[in-house]
Amino acid sequence: MGIPKWKTKNLLGIESLSKIEIRKVLSLAKKLKHESPENQSYLAGKRIVNLFMEPSTRTRIAFELAAKTLHADVISIAEKSSSLTKGETLRDTALNIQALGADAIVLRHSSPGSPLLLSRIIDVPIINAGDGAHEHPSQALLDVYTLEEKIGPLDGKKITILGDILFSRVARSNFWALSKMGAKVTLAGPSTLVPKSFESMGAIVSHDLKESLADADAVMLLRIQHERQSSSHFPSLEEYTRIFGLNKYRSKWLKNDAVILHPGPINRGVEIDSELADSANSVILDQVTNGVAIRMAILCLCTLSYNK
Amino acid sequence: MKTICLTGGRIIDPSTESDEKRDLYFYDNKIISPKDAKNTEFIDVTGKIVFPGLVDLSCHINDLSGGNCENIFSMTRAAAAGGYSTVVLMPNLNPIPDNPATIQFINEQIKKDACINVKLTGCLTKGSNGKALAPLGSLKNAGVVAITDSPTSPQDNQIFCKAVEYASMFDLPVIDLPRDLSLSEEGNAHDGPIALKMGLGGYPRIAEELFVQRAISISRSLKTKVHLSSISSFGSVDLIKDAKNKGVMITADVSPQHLALTESKILNYDTNFKTTPPLREEVDRKFLIDGLMNGTIDCISSSHEPVKEYEKNVEYDLAPSGVTSLETALNISLQQLSKHPKFTWINLLKFMSLRPSEIIKVEGGGLGVGSIANIVIFDPLKKWKYCSKEGKSRAFNTPFNNSEFSGKVIQTYFKGKASQNIT
């Protein structure tokens with residue numbers, strides 16, 4: 001199978017991608033998902049370095065599995081085991097990784113813009129696996145993939161992203177991806193976590209749960225990152241659940257066959273009823289599975305388009 | 001010693017609001033009357049603009065020793081190249097000037113290395129940590145010209161209020177960089193659409209405006225002066241305008257960076273555009289320019305803040321803010337203000353020389369007979385390109401690298417002595 005051409009060696013975010021480029025990733029992911037693993041040695045001999053400066057379970061494992069399936073050598077570095085704890089800067093760590101012969105770096109970092117910073121300094125492809133509250137492009141791509149798989153083309157579909165939007169890179173990347181695919185995206189949640197200024201990006205902003213869920217084709221729930229916020233953003237998790245938590249009763253406001261997404265980790269009983277998270281409408285585990293295929297596609301496109 | 005006569009130039013004196021073609025005589029360190037001139041050396045400055053040396057109210061150098069970055073020596077050479085004859089050093093120094101002994105030590109360094117006037121400010125609170133008043137009277141006796149905790153501001157209203165009241169007893173100016181940290185501590189950019197999109201923590205206008213109002217209320221109730229440093233929000237301009245109309249003794253300055261740039265510049269996470277307060281929106285920029293022109297804002301301060309290259313070359317939220325600006329402040333201000341219908345050179349020099357010298361009560365801002373001979377010669381037609389690595393400053397953190405300008409300072413006289421190698 002041929003790997004299509006990709007205009008840049010990096011994947012820094014969704015905002016700068018065109019619909020055609022998004023489609024290219026999705027199509028390749030679909031092929032890779034259904035191809036026999038024995039034939040997938042596209043990255044044999046390549047070294048992929050996962051540089052994860054923030055805790056991650058799903059994303060890190062999905063990138064590792066994706067690289068291994070493609071027969072690449074994978075090295076995973078976590079902040080605690082790297083020289084960054086000895087005061088080395090991200091720039092120096094990355095220069096060293098490049099000097100050691102990496103073919104691509106997958107970066108998770110708490111600072112927005114850090115993948116862009118690295119891409120200016122080093123030549124090897126940089127894949128953004130989440131930078132602060134800025135972007136999480138691979139998550140958005142796997143969400144679009146899962147949604148298309150479940151509800152078909154997204155053009156004209158109403159999709160609501162509910163929860164902590166302000167601190168969420170998933171929300172931003174998904175907003176860009178879904179709207180580029182033609183969906184009408186509503187960002188919903190408490191006014192302190194979903195400021196009206198998101199309208200400047202072209203989003204519909206709603207602080208009324210019923211209105212935001214009414215006739216939606218899909219709802220994406222985001223975890224309330226209570227460890228990040230001071231108590232000033234909302235009074236308590238209990239109050240959040242009472243006003244904005246998705247439960248069985250409220251899920252009836254959605255379209256009948258609407259799907260429920262969540263990038264994880266889930267706080268059962270906070271943003272979503274436990275029962276609902278395990279219901280037939282939930283596609284949460286499909287997201288995780290598709291995450292591997294999407295990351296395989298990303299690794300192929302970025303790494304193989306790069307010539308040292 | 002010879003009298004020097006600058007002949008054929010356009011002499012601008014903001015203190016007398018005069019702008020005329022005439023000769024300017026100075027002998028030793030003073031400007032003299034032509035009739036007192038003896039043994040005169042004539043210097044032809046035809047086509048050039050001659051004005052009093054600039055005065056800066058907000059210069060930072062962080063580390064007195066400079067390390068491999070800015071020190072007093074390089075900073076004052078950069079200032080002279082930019083047309084300054086006096087700069088006021090903010091107290092975020094190492095060592096920190098919150099006691100008379102340290103002030104004496106820093107002043108000795110200044111005496112040794114400075115080629116222009118460097119005036120020192122003292123901390124308003126001990127260690128600038130906002131907890132307890134610094135010994136303001138002793139600091140004044142040790143020679144500080146103002147007190148401030150810039151680039152932070154005491155968060156405790158009681159401390160700030162008492163500091164202003166106590167300092168007024170010594171007629172010691174108080175400078176405040178208005179910032180409510182509870183609203184802006186994680187703020188790395190203006191709290192607007194661009195920071196929201198980029199995922200950067202916001203530093204909202206209200207974080208500044210609440211503290212502008214605090215300074216106004218304190219100044220009004222105590223009937224004493226407070227100077228606000230580096231105003232950035234349009235709401236602050238409104239508040240100051242109203243206060244001045246009511247006779248409150250509040251003064252304010254703005255940086256050239258905020259006159260020239262807006263938040264859109266940070267879209268590439270270029271840390272050279274990271275400033276405190278942050279670059280804001282076009283509406284703010286327009287208000288700041290109008291605020292200068294209608295007298296709401298008194299002066300332009302460089303907010304010179306050198307940062308080592310490797311310190312800036314990090315993640316945006318981890319990078320220190322600051323712009324090295326002494327060498328470009330005059331050109332940037334000229335570029336931004338000269339398009340305004342009310343622009344005159346007299347105005348510009350009020351903003352950059354006369355008003356700042358009045359606010360901290362140092363000599364300068366005029367070219368009258370008997371004034372100190374701090375004089376700048378500016379060639380309005382000279383085109384040049386600013387390359388930070390070729391400049392006098394040892395710091396390169398500028399958003400204006402490779403900018404092309406019309407007009408250049410070609411000589412700065414400090415106390416009658418020409419600075420060397422400016423051009």
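Of the residues contained in the stretch B:385-401, none is found to be surrounded by fewer than 16 Cβ atoms within 10 Å (Cβ to Cβ), polar (S, T, N, Q) and touching a Leu at 6+ places or on another chain (Cβ under 9 Å).
Do we find a residue being on the phi > 0 side of the Ramachandran plot and assigned to a loop (DSSP other than H, G, I, E, B) anywhere in the stretch B:152-160?
Checked against the condition, which is being on the phi > 0 side of the Ramachandran plot and assigned to a loop (DSSP other than H, G, I, E, B), the stretch B:152-160 yields no hits at all.
Among residues belonging to the stretch A:171-196 that are of a type outside the set (Val, Ile, Thr) and in a loop (DSSP other than H, G, I, E, B), point out the one that is nearest to the other protein chains (Cβ to nearest Cβ). Walk me through how you get there before you give the answer.
Start the filter on the stretch A:171-196 by keeping residues that are of a type outside the set (Val, Ile, Thr), which leaves A:171-184, A:187-191, A:193, A:195-196.
Then keep just the ones that are in a loop (DSSP other than H, G, I, E, B); that gives A:181-183, A:189-191, A:193, A:195.
Working: A:Met181: 19, A:Gly182: 20, A:Ala183: 19, A:Gly189: 14, A:Pro190: 16, A:Ser191: 14, A:Leu193: 12, A:Pro195: 7 Å.
This residue is A:Pro195.
Checking each residue in the stretch B:228-243 for being crowded, with 21+ Cβ neighbours inside 10 Å and either over 21 Å from the mean Cα position of the chain (by Cα) or not assigned by TED's automatic domain parsing to the domain that holds B:Pro278 (or both) picks out B:Leu239, B:Ala243. In the set (1) touching a residue at least 12 places away in the same chain (Cβ under 8 Å); (2) in contact with a Pro (Cβ under 7 Å, 6 or more places away or on another chain), B:Thr102 fails one condition alone, (1).
Could you please find all residues in the stretch B:81-93 being part of a loop (DSSP other than H, G, I, E, B) and closer than 15 Å to B:Ile106 by Cα? It would help to see each step written out before you state the result.
We begin by selecting, within the stretch B:81-93, every residue part of a loop (DSSP other than H, G, I, E, B); these are B:82-83, B:90-93.
Once the filter is applied, which keeps residues that are part of a loop (DSSP other than H, G, I, E, B) and closer than 15 Å to B:Ile106 by Cα, the stretch B:81-93 yields B:Met90, B:Pro91, B:Asn92, B:Leu93.
Selection of strands (runs of 3 or more DSSP E) fully inside the stretch A:92-170 by the criterion of at least 1 residues being touching a Leu at 6+ places or on another chain (Cβ under 7 Å) and within 13 Å of another protein chain (Cβ to nearest Cβ) returns A:104-109, A:126-131. Of the residues that make up the stretch B:296-314, is at least one aliphatic (A, V, I, L, M), assigned to a helix (DSSP H, G or I), in the same structural domain as B:Lys244 (by TED's automatic domain parsing) and surrounded by fewer than 24 Cβ atoms within 10 Å (Cβ to Cβ)? Checking the stretch B:296-314: not a single residue is aliphatic (A, V, I, L, M), assigned to a helix (DSSP H, G or I), in the same structural domain as B:Lys244 (by TED's automatic domain parsing) and surrounded by fewer than 24 Cβ atoms within 10 Å (Cβ to Cβ).
Taking the stretch B:19-38 on its own, how many of its residues are among the basic types (Lys, Arg) and surrounded by 13 or more Cβ atoms within 10 Å (Cβ to Cβ)? Steps first, answer last, please.
In the first step, residues of the stretch B:19-38 are kept if they are among the basic types (Lys, Arg); the result is B:21-22, B:30, B:35, B:38.
Next cut, surrounded by 13 or more Cβ atoms within 10 Å (Cβ to Cβ) only: B:22, B:30.
Residues that pass the stated criteria total 2.
Any residue that is in contact with a His (Cβ under 9 Å, 6 or more places away or on another chain) and either surrounded by 16 or more Cβ atoms within 10 Å (Cβ to Cβ) or within 12 Å of another protein chain (Cβ to nearest Cβ) (or both) - is there at least one of those in the stretch A:201-219? Within the stretch A:201-219 (the criterion being in contact with a His (Cβ under 9 Å, 6 or more places away or on another chain) and either surrounded by 16 or more Cβ atoms within 10 Å (Cβ to Cβ) or within 12 Å of another protein chain (Cβ to nearest Cβ) (or both)), the answer is no, since none of the residues qualifies. The numbered conditions (1) part of a helix (DSSP H, G or I); (2) charged (D, E, K, R); (3) in contact with a Ser or Thr (Cβ under 7 Å, 6 or more places away or on another chain) are all true for B:Glu108 except (3). Among residues of the stretch B:267-283 that are within 13 Å of chain A (Cβ to nearest Cβ), those with a Cβ under 6 angstrom from a residue that is assigned to a loop (DSSP other than H, G, I, E, B) and among the aliphatic types (A, V, I, L, M), sequence gap 6+ or separate chain, pair up as B:Thr271/B:Ala319; B:Lys274/B:Ala319. Against the conditions (1) modelled with pLDDT of 95 or more; (2) assigned to a helix (DSSP H, G or I), A:Ile260 satisfies every one except (2).
Considering the stretch B:345-391, the residues that are aromatic (Phe, Trp, Tyr) and not assigned by TED's automatic domain parsing to the domain that holds B:Leu120 include one that is farthest from B:Ala167 (Cα to Cα), namely B:Trp384.
Is it the case, given these coordinates, that A:Ala258 is of a type in the set (Gly, Ala, Ser), outside the structural domain of A:Arg58 (by TED's automatic domain parsing), crowded, with 20+ Cβ neighbours inside 10 Å and farther than 20 Å from A:Val194 by Cα? In short, yes.
Residue under question is B:Leu172, and the condition is that it be modelled with pLDDT of 95 or more, assigned to a loop (DSSP other than H, G, I, E, B) and in the same structural domain as B:Asp317 (by TED's automatic domain parsing); does it hold?
So B:Leu172 fits the description; yes.
Restricting the first member to the stretch A:45-64 and to residues that are among the acidic types (Asp, Glu), and the second to residues that are surrounded by 23 or more Cβ atoms within 10 Å (Cβ to Cβ), the beta-carbon pairs closer than 6 Å and six or more apart or on different chains are A:Glu54/A:Arg108.
May I ask you to say which residue of A:Arg295, A:Arg223 is touching a residue at least 60 places away in the same chain (Cβ under 8 Å), buried (at least 23 other Cβ atoms within 10 Å of the Cβ) and closer than 21 Å to A:Pro55 by Cβ?
Details: A:Arg223 fails: buried (at least 23 other Cβ atoms within 10 Å of the Cβ).
Answer to the selection: A:Arg295.
Picking from residues in the stretch B:244-282 that are crowded, with 24+ Cβ neighbours inside 10 Å and small (Gly, Ala, Ser), the one that is farthest from B:Arg214 (Cα to Cα) is B:Ser255. Just one of the listed residues (A:Ala102, A:Ala62, A:Ala72) is of a type in the set (Gly, Ala, Ser), under 15 Å from A:Asn290 (Cα atoms) and crowded, with 20+ Cβ neighbours inside 10 Å, namely A:Ala62. Scanning the stretch B:242-271 for residues that are assigned to a helix (DSSP H, G or I), over 23 Å from B:Tyr203 (Cα atoms) and not aliphatic (A, V, I, L, M) turns up B:Asp242, B:Lys244, B:Asn245.
Within the stretch B:200-227, if we keep just the residues that are buried (at least 24 other Cβ atoms within 10 Å of the Cβ) and outside any helix (DSSP H, G or I), the residue that is farthest from the other protein chains (Cβ to nearest Cβ) turns out to be B:His227. Take the conditions (1) more than 17 Å from B:Ile250 (Cα to Cα); (2) more than 14 Å from chain A (Cβ to nearest Cβ); (3) of a type in the set (Asp, Glu); B:Glu185 misses just one of them, which is (2). Answer yes or no: is there a residue in the stretch B:149-164 that is crowded, with 22+ Cβ neighbours inside 10 Å, assigned by TED's automatic domain parsing to the domain that holds B:Glu209 and over 22 Å from B:Ala207 (Cβ atoms). Looking for residues that are crowded, with 22+ Cβ neighbours inside 10 Å, assigned by TED's automatic domain parsing to the domain that holds B:Glu209 and over 22 Å from B:Ala207 (Cβ atoms), one finds none in the stretch B:149-164, hence no. One residue stands out in the stretch B:316-331 among those that are crowded, with 24+ Cβ neighbours inside 10 Å and of a type outside the set (S, T, N, Q): the one that is farthest from the other protein chains (Cβ to nearest Cβ), namely B:Leu330. When restricted to residues that are more than 23 Å from A:Ser18 (Cβ to Cβ) and under 15 Å from the mean Cα position of the chain (by Cα), the stretch A:111-161 contains 2. Going through (1) touching a residue at least 40 places away in the same chain (Cβ under 8 Å); (2) among the hydroxyl-bearing types (Ser, Thr, Tyr); (3) under 23 Å from B:Tyr269 (Cα atoms) one by one, A:Ser111 falls short only on (1). Restricting A:Gly269, A:Gly245 to residues that are closer than 17 Å to A:Ile165 by Cβ and surrounded by 13 or more Cβ atoms within 10 Å (Cβ to Cβ) narrows the list to A:Gly245.
The values are calculated or read from the model by the stated rules, or taken from the named source; none is laboratory data. Computed from a predicted structure; not experimentally measured. Methodologically, a virtual Cβ is constructed for each residue, glycine included, from the backbone with ideal geometry; neighbour enumeration extends over all protein chains shown.
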